[in-house]
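Engineer: Submitted below is the structure of interest, expressed as structure tokens.
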Amino acid sequence: MAGSNKTNITPPRWLLAELTYACPLQCPYCSNPLDYAKHSSELSTEDWKRVLSEARKMGAVQLGFSGGEPLTRQDLPELVKHARELGYYSNLITSGYGMTEAKIVQLKEAGLDHIQVSIQASTQELNDHLAGTSSFEHKQEVARLVKKHGYPMVLCVVIHRANIHQMPEILAMAEALGADYLELANTQYYGWAHVNRDALLPTKEQFEEAEKIAQAYKEKVAGKMKIYYVVPDFYEERPKACMNGWGTTFLTIAPDGVALPCHEARILPGLDCPNVKDYSIQEIWHESKAFNFFRGDDWMQEPCRSCDEKQRDFGGCRCQAYMLTGDMYKTDPVCGKSPDRSSIKHAIDSARNSALSDKEQPLIFRNSKNSRGYF
């Protein structure tokens with residue numbers, strides 16, 4: 001296995017509880033595994049309570065309830081209540097689909113601290129096309145109800161070529177909804193987004209224009225709404241610091257109980273990711289092959305091994321390196337120092353050719369139904 005520096009292992013601080021892969025939406029950029037249907041089993045309520053308790057005992061303080069759509073779990077209020085009793089700061093990451101005012105009140109009383117609602121676009125037609133459901137008006141109503149019941153209004157819009165032209169309207173929509181925080185999350189190309197990359201990746205010109213509009217709006221609403229603009233990796237010269245360092249901060253538990261150093265780690269070969277049904281969080285974090293695989297820097301190849309920035313970006317994303325080069329040990333090709341940087345150029349050129357083509361680029365939706373491209 002890869003070398004690991006097992007001294008001074010820091011405890012997990014951020015726990016992502018992926019309660020389910022079930023979801024009523026079909027988003028073509030979904031980060032769930034392509035074979036999510038093979039992982040249909042879900043942890044029981046008591047298993048989740050044990051996981052939350054063990055992770056909190058180790059020092060985890062931030063908790064995200066995610067999916068799929070976590071609202072499909074009937075025990076969500078019970079899990080939120082347990083998290084509050086343990087002292088977590090808890091965040092619900094939801095499409096809002098299926099949320100009611102009564103459910104918001106119930107979750108508030110259970111102790112939920114934060115709700116993030118996603119909307120696919122600024123128009124009903126495009127939102128409902130991408131989501132695969134008639135959900136636009138409902139999502140907007142949920143956003144209003146979240147604010148009504150004392151939560152900060154946190155809105156997330158995933159940005160890609162199908163909606164990037166709506167940037168002015170997306171910003172205006174967020175302001176009209178009274179959003180306190182707006183996350184403009186440029187698509188990261190994993191899972192379903194990787195499959196749909198040619199259809200979703202904006203051109204550099206589109207990205208730069210959208211960023212310019214967002215930054216100008218940020219100044220306009222300063223003090224009223226905070227805007228976070230997440231830059232797409234492919235237009236960067238340095239990679240993101242993957243999970244703040246492998247096995248240092250983030251712990252993801254998949255619906256079936258598999259523990260992951262990041263939510264995409266299932267795709268990496270040979271990790272032998274452990275399951276919480278078989279091991280405690282303490283054992284998983286400290287002793288498992290998966291969580292020690294890329295700890296430290298013994299595993300690094302050149303140019304990462306001798307790079308003076310390796311403690312800043314940790315060689316970049318292992319999953320991205322694997323998807324783009326077939327070798328999870330390589331420098332993330334997003335890095336300008338990577339010998340495989342040409343794979344990024346190829347991806348950008350391929351997407352650009354798709355954008356300029358007269359031929360429609362079909363999207364492959366999460367529910368496995370093909371659809372004609374929207375743009």
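Engineer: Looking at (1) of a type in the set (D, E, K, R); (2) closer than 28 Å to Pro152 by Cβ; (3) in contact with a Phe, Trp or Tyr (Cβ under 9 Å, 6 or more places away or on another chain), can you tell me which one Lys81 breaks?
Structural biologist: (3)
Table: residues versus (1) more than 23 Å from the chain's Cα centre (by Cα); (2) within 22 Å of Lys139 (Cα to Cα); (3) modelled with pLDDT of 95 or more.
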{"residue": "Arg56", "(1), (2), (3)": "no, no, yes"}
{"residue": "Gly59", "(1), (2), (3)": "no, no, yes"}
{"residue": "Phe65", "(1), (2), (3)": "no, yes, yes"}
{"residue": "Leu76", "(1), (2), (3)": "no, yes, yes"}
{"residue": "Leu92", "(1), (2), (3)": "no, yes, yes"}
{"residue": "Glu101", "(1), (2), (3)": "yes, yes, yes"}
{"residue": "Ser118", "(1), (2), (3)": "no, yes, yes"}
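Quick grid of which residues meet (1) touching an Asp or Glu at 6+ places or on another chain (Cβ under 7 Å); (2) under 13 Å from Val221 (Cβ atoms); (3) part of a helix (DSSP H, G or I):
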site: Val158; (1), (2), (3): no, no, no
site: Glu169; (1), (2), (3): no, no, yes
site: Ala172; (1), (2), (3): no, yes, yes
site: Glu175; (1), (2), (3): no, yes, yes
site: Ala179; (1), (2), (3): no, yes, no
site: Tyr189; (1), (2), (3): no, no, no
site: His194; (1), (2), (3): no, no, yes
site: Asp198; (1), (2), (3): no, no, yes
site: Pro202; (1), (2), (3): no, no, no
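Engineer: Within the range 130-156, can you find the residues that are more than 18 Å from Met225 (Cα to Cα), assigned to a helix (DSSP H, G or I) and touching a residue at least 12 places away in the same chain (Cβ under 8 Å)?
Structural biologist: The answer is Leu130, Ala131, Phe136, Glu137, His138, Lys139, Val142.
Engineer: Going by what's in this entry, would Ser44 be described as of a type in the set (Ser, Thr, Tyr) and over 16 Å from Glu18 (Cα atoms)?
Structural biologist: So Ser44 fails the test.
Engineer: Taking the stated definitions as given, is Ile253 under 20 Å from Gln62 (Cα atoms) and crowded, with 20+ Cβ neighbours inside 10 Å?
Structural biologist: On the way: under 20 Å from Gln62 (Cα atoms): yes; crowded, with 20+ Cβ neighbours inside 10 Å: yes.
It is true that Ile253 is under 20 Å from Gln62 (Cα atoms) and crowded, with 20+ Cβ neighbours inside 10 Å.
Engineer: Right, something else. Return a yes/no flag: does the range 120-129 have any residue that is open to solvent by 20 Å² or more (accessible area, probe 1.4 Å), part of a helix (DSSP H, G or I), among the charged types (D, E, K, R) and in contact with a helix residue (DSSP H, G or I) (Cβ under 7 Å, 6 or more places away or on another chain).
Structural biologist: For the range 120-129, residues open to solvent by 20 Å² or more (accessible area, probe 1.4 Å), part of a helix (DSSP H, G or I), among the charged types (D, E, K, R) and in contact with a helix residue (DSSP H, G or I) (Cβ under 7 Å, 6 or more places away or on another chain): present.
Engineer: Checking Leu260 against (1) on the phi > 0 side of the Ramachandran plot; (2) crowded, with 17+ Cβ neighbours inside 10 Å; (3) touching a helix residue (DSSP H, G or I) at 6+ places or on another chain (Cβ under 7 Å); (4) of a type outside the set (Asp, Glu), only one condition comes out false. Which one?
Structural biologist: Tallying (1) on the phi > 0 side of the Ramachandran plot; (2) crowded, with 17+ Cβ neighbours inside 10 Å; (3) touching a helix residue (DSSP H, G or I) at 6+ places or on another chain (Cβ under 7 Å); (4) of a type outside the set (Asp, Glu), Leu260 fails exactly one: (1).
The values are calculated or read from the model by the stated rules, or taken from the named source; none is laboratory data. Small disclaimer: the values here were computed from a predicted structure and weren't measured. Every residue, glycine among them, receives a Cβ derived from its backbone with ideal geometry; neighbour counts consider all protein chains shown. Accessible surface areas use protein heavy atoms only, side chains included; no ligands, DNA or RNA. Shrake-Rupley method; radii C 1.70, N 1.55, O 1.52, S 1.80 Å.
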